[in-house]
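Chemist: Please see the structure below; I have some questions.
The values are calculated or read from the model by the stated rules, or taken from the named source; none is laboratory data. Predicted, not measured: the structure shown is a model, and the values here were computed from it. As a convention, Cβ positions derive from the backbone with ideal geometry for all residues, glycine included, and neighbour counts pool all protein chains shown. The accessibility values were calculated without ligands, DNA or RNA, using every heavy atom of the protein model including side chains. Shrake-Rupley method; radii C 1.70, N 1.55, O 1.52, S 1.80 Å.
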Amino acid sequence: MIDKNAVARCFGKAAASYDQHAILQRLSSDKLLQHLPDALDNNAYNTAVDLGCGSGALLPALANCSKQLIAVDLSLGMLSHAKQHHKLTPPVYWLNGDAEALPLPTSSIDLCVSNLALQWCDDLATPLVEVSRCLNQGGLMLFSTLVAGSLDELTQSWSTVNSHRHVNRFLSEGEIKSALLKSGLSVESFQVEIQTMYYSSVKEVMQSLKGIGANHVHDKNIKPTTQGELRAFKANYETLRDNQGLLPLSYKLAYCLLRKC
């Protein structure tokens, strides 16, 4: 079981530094919005939800295409940060809530967008079923999530150091598709892409994860990592430098568009 309180604390602590490090999140949010079938500037949706809104990168675009907007996040700290930094024209309602138990009425929304948030749920099918409950007929669910193979460089570099869990387990493409079927929503599109980020040092790699609050590892061994183990991990990672002298960190992302028929 995922410790939601621990996840919320990590993201809350990272609220102030999030935008500085959230390069991948901005890239994926831009890519995600390209899958929307309607224009982003014509009030196509009465009520839109940003599920796991984080620092609010998606909010301006969603505000342009909806008459009212609901921002939902598990982390009260992150939600407060987003509220302070986004002054939007349509009414915005800020909800501290869990995607697996949405604090929204049945058949109350027309669009739900979620960028790299649902991998923090115990069972992907649960938030999808919840969104389906909240969607009006013909409503859309558009989300991105991480797929197995993400952060493989970290996994590889730790593999010979110790047997502890240092990287969260992500769902395979097959497991994601199974969750889509359980949701009861119609799959309009499903696309998987690899996005590789590059860093100058191992320290920078780790700061990129901590800076966005994504450094919480589920079921992590309580035994602390020793300095020797940390040195061995860094030495292993150093062997992955490319021809430009940079260290890669790869993410495998699934982009999904679903409709309630």
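Chemist: If you put +1 on each Lys and Arg Cβ and -1 on each Asp and Glu Cβ, how big is the dipole of the range 133-184 around its Cα centre, in Debye rounded to 20? Let's see the in-between values first.
Modeler: Working: 5 positive and 4 negative charges, 60 e Å.
Approximately 280 debye in magnitude.
Chemist: Note the angle between two axes, namely the Cα long axis of helix 227-238 and the longest principal axis of the Cα atoms of the chain, as a number of degrees from 0 to 90, rounded to the nearest 10.
Modeler: For helix 227-238, the angle is close to 70 degrees.
Chemist: Right, here's the next one. Between helix 23-33 and the chain, what is the angle of the helix's C-alpha long axis to the longest principal axis, kept within 0 to 90° and rounded to the nearest 10?
Modeler: 30 degrees
Chemist: Taking springs between alpha-carbon atoms closer than 10 angstrom, which of V131, V161, V72 fluctuates most in the Gaussian network model of the chain?
Modeler: Fluctuation is largest for V161.
Chemist: Additional query: Evaluate the distance, in nm, between pseudo-label points positioned 7 Å from the Cα of H85 and of L246 along their respective Cα→Cβ axes.
Modeler: Label at H85, label at L246, 2.3 nm between them.
Chemist: Which of Q227, Q195, A148 sits farthest toward the positive end of the charge dipole of the range 108-237, with +1 on the Cβ of Lys and Arg and -1 on the Cβ of Asp and Glu?
Modeler: Q227
Chemist: With +1 assigned to the C-beta of every Lys and Arg and -1 to the C-beta of every Asp and Glu, and no other charges, what is the dipole magnitude of the chain about the Cα centre in debye, to the nearest 20? All intermediate terms of the calculation are to be shown ahead of the outcome.
Modeler: Values: 23 positive and 24 negative charges, 99 e Å.
Rounded to the nearest 20 debye, it is 480 debye.
Chemist: Distance check, please: which entries in K83/K260; K31/K67; K31/K83; K177/K260 exceed 21 angstrom between their Cα atoms?
Modeler: The pairs that break the limit, which is 21 Å between Cα atoms, are K83/K260; K31/K67; K31/K83.
Chemist: Report for the chain the percent antiparallel among DSSP-assigned beta bridges with both residues inside it, nearest 5.
Modeler: The antiparallel proportion sits near 50 percent.
Chemist: So what's the back-of-envelope 222 nm ellipticity for the chain, counting only DSSP H runs of four-plus at -39500 (n - 2.57) apiece and dividing by all residues, rounded to 500?
Modeler: On the way: 10 runs with 90 residues, N = 261.
Mean residue ellipticity at 222 nm (helix-derived): -9500 deg cm²/dmol.
Chemist: A further question follows. Ignoring ligands and nucleic acids, what accessible area does T106 show with a 1.4 Å probe (Å², nearest 10)?
Modeler: 90 Å²
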